[in-house]
Each structure stands twice: as structure tokens, then as C-alpha cells.
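Report on the structure given below.
The values are calculated or read from the model by the stated rules, or taken from the named source; none is laboratory data. None of the values given here were measured: they were computed from a predicted structure. Neighbour counts run over all protein chains shown; Cβ positions are idealised from the backbone, glycine included. Keep in mind that these areas ignore ligands, DNA and RNA; they rest on the heavy atoms of the full protein, side chains included. Shrake-Rupley method; radii C 1.70, N 1.55, O 1.52, S 1.80 Å.
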Amino acid sequence: MPRIARQKKENAIFHVMARSISEVNLFKDNQDKACYLEFVKKYQKTYEFRVYGYCLMDNHLHLIIDTNGTDISRIMHSINFSYAQYFNHKHKRHGHLFQDRFKSKMVKSEVYLYALSAYVHNNPCDIKGFENCPEKYEFSSLPIYLGLRHDPYELIEDGFIMGMFSKNPKKARESYMRLVYKCCDKVFKEEVEFLSEGTEYRSGRKILVRNVKIKEIIEFIALKMEVKKIKLHTKYCREIVEAKALAVLLMRSLCNLKCSEICRVFGNITQSRVSKLSSLGVKLLDEEKYRNITREFMMEYAC
């Protein structure tokens, strides 16, 4: 039976769910869950998407992702492929980890978005010991929403959804918590699952433009890093490794290029090398001088 084509749109918000195969848990311990969130953060830096919520259970996970102009399949393939490699290596196993491909549902209304968020954050109520206190579960973004702890992975943008409840943080948190607890009602859960999405959701979100030209990235990096453009096409040159890594990162993020396509841009590197350069580019974003490099580029080249 042919697969149903996945709904996609460049300015879409998605509810993503992934589940492990039946004979193995997706996460065997807290370290696995922490590692998964680290992969989400790594690829958030690569693709510049937004995360409005998450909850990691032992055998499945929920994410609410604003693609911000990129492709949801590319995001989730990168995250899940990297995690499966980590998991199989750590637990000395082989083969598939995820049950089929991930599921994604496009969010098309404001009502559905905040109800969905509460539903995702209610998931820990199914865990023994958290039935009446989902806000205490470590691998959910609910305690971040409620101001009970800082975001250890700097993943979540909670203001977008919380602003729908009240401009006053205290009132917003009180209203949101009531909605999360209302999700304990089985009828409400079913309403969320089958809620009519109505008209397409339009918000004041600014979507990152992804129709950037490759030559613009090369020019920008050459100027910023003070290297000649021709050197970026040199195969072995240690002095331009960081420049090349940042160029690769911007190409993946802003041009939506695959590793194989970036290979053709440079003409002399392998897909493995592109992947390593991309990982280096992500690490460089932790440095103060490169932290806002995407914003700097967009300010200079975006129309």
C-alpha cells in the first residue's frame, strides 16, 4: 500500500510523534532522553526551526515544531537518524529503532495549537508517580512553561503560546496549568485528537527566508572571515576550516541544501566531510563572535 504524502508547508507548525519498534524502548534511561534533546538542539542550530513544546516518554515522543521555512522531514530525519546511531552504539544493537516513519500533523488553528500543547504536556500523567504532578517530570517542557525551571537545552519558545492566555505571566501560567489538568479528562483528550482544525492558522510569526543564493553565502563568509573566495574551494587548507564550516552550516540552513548538493558546490569533498563541517559549524555558534551569524547574513542579504 503506497504511503500517504506528508502534508508540508514552509510556514507550518507541526505536531510530531515518533515511536520505537515494539520490542525495545525508545529511551532506556535518562541519559538517552537528554541525548535526544541535545540532538534536537544541534539541528535547531543547523536549520533554525522553533520548538514550542516536547515530551519524551519511554517508548515514544512528542514535539511541537515550527519549521520556520525549512522541511519537517529533513529536520526529523537528521534528529532521528543521529539518535538511532547513538542508541545502537551505546546499547550494542543493530537494525531499526523507530517504528515506521515519524507522524506529523499540521497545526491549522490557534485553538488547536494551545490545546495540543496542553495535551502534549499532560503525557507524564500516564507515568506512575506523576499522575497528579506532570510539571515535575524532567523530560517535558511543561516546567519551563510554568517558570519552575530554566530551559537546560535553550530549546523552547514558550512566549508564543503563553501569550495566547494572558500578557501577565502569572495569569498565563495559572490558566495554562488548568488547561493541562483538564487534559486528564479522557473526553478532552479525544477532542484534542480529532479537533476540527478550521481555517488555516495565520500568526504574526516571521518566517525565515530560505531562497538564499549560494554565491551570497560564499561572499558573506569570505568577507566576514577575511579569506579569499577561491580558498573556500580548496580541499586541504587548515586556515579556512572554520570559514568552510560556517559556509556549510548556512547552506544547509538557508538554502535547504542536502550534503550531496553541498559536495557539488565545493566539488572536492565527500558527504562525510560535509557532515563533519556542519557539526563544527554548530559548535562554532556557541562562540560569541559567531552566535548571530545567521542574523548578520540576513540583515545584509535578505530582501
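Worth pointing out:
- Applied to the stretch 234-250, the Karplus parametrisation 6.51 cos²θ - 1.76 cosθ + 1.60 on θ = phi - 60° returns per-residue 3J(HN,Hα) values of 7, 5, 10, 7, 4, 5, 10, 4, 5, 4, 5, 4, 5, 5, 4, 4, 5 Hz, with x for Gly and Pro.
- Residues whose placed amide H lies under 5 Å from that of residue 66, excluding near-sequence neighbours: 14, 50, 51, 52
- In Hz, Karplus ³J(HN,Hα) per residue of the stretch 82-90 (6.51, -1.76, 1.60; θ = phi - 60°; x = Gly, Pro): 5, 5, 4, 4, 4, 4, 5, 5, 5
- Once the chain from residue 206 to residue 29 is taken as fully extended at 0.36 nm per residue, the excess over their C-alpha distance is 60.0 nm.
- Cα gyration tensor shape of the chain, rounded if a/c is under 1.5, else prolate or oblate by comparing a/b with b/c: prolate
- Residue 273 sits with roughly 100 Å² accessible to a 1.4 Å probe, with DNA, RNA and ligands left out of the calculation.
- Residue 230-residue 264 FRET efficiency (beta carbon distance; Förster radius 22 Å; 0.05 resolution): 0.80
- Surface share of carbon and sulfur [accessible, 1.4 angstrom probe, percent] for the chain: 51 percent
- In the chain, taking the dipole from charged Cβ atoms about the Cα centre, the farthest positive-side position among 54, 241, 301 is held by 241.
- Between residue 216 and residue 299, the FRET efficiency estimated from the beta carbon spacing at R0 = 22 angstrom works out to 0.95.
- The stretch 148-158 - phi-based ³J(HN,Hα) in whole Hz, Karplus 6.51/-1.76/1.60, Gly and Pro as x: 8, 7, 6, 8, x, 9, 6, 9, 8, 10, 8
- Cα gyration tensor shape of the stretch 77-129, rounded if a/c is under 1.5, else prolate or oblate by comparing a/b with b/c: oblate
- With Cα atoms, 0 to 90° folded angle of helix 169-182 axis to the chain main axis: 60 degrees
- Rounded FRET efficiency, nearest 0.05, which uses the C-beta distance separating residue 223 from residue 81 and R0 of 41 Å: 0.75
- In the chain, Cα pairs under 8 Å separated by at least six residues give a relative contact order of 18 percent.
- The stretch 19-42 residues near the modelled residue 89 label - backbone nitrogen below 18 Å, point 7 Å along Cα→Cβ: 27-29, 31-42
- Segment residue 132-residue 96, length gained on full extension (0.36 nm per residue, minus Cα span): 9.5 nm
- In Å², nearest 10: area of residue 91 left accessible to a 1.4 Å probe: 50 Å²
- Solvent-accessible area per residue, Å², over the stretch 58-144 with all protein chains present [probe radius 1.4 Å]: 42 Å²
- Using a probe of 1.4 Å on the protein chains alone, the accessible area found for residue 287 is around 70 Å².
- Gyration tensor (alpha-carbon) shape descriptor, the stretch 1-152, a/c threshold 1.5: rounded
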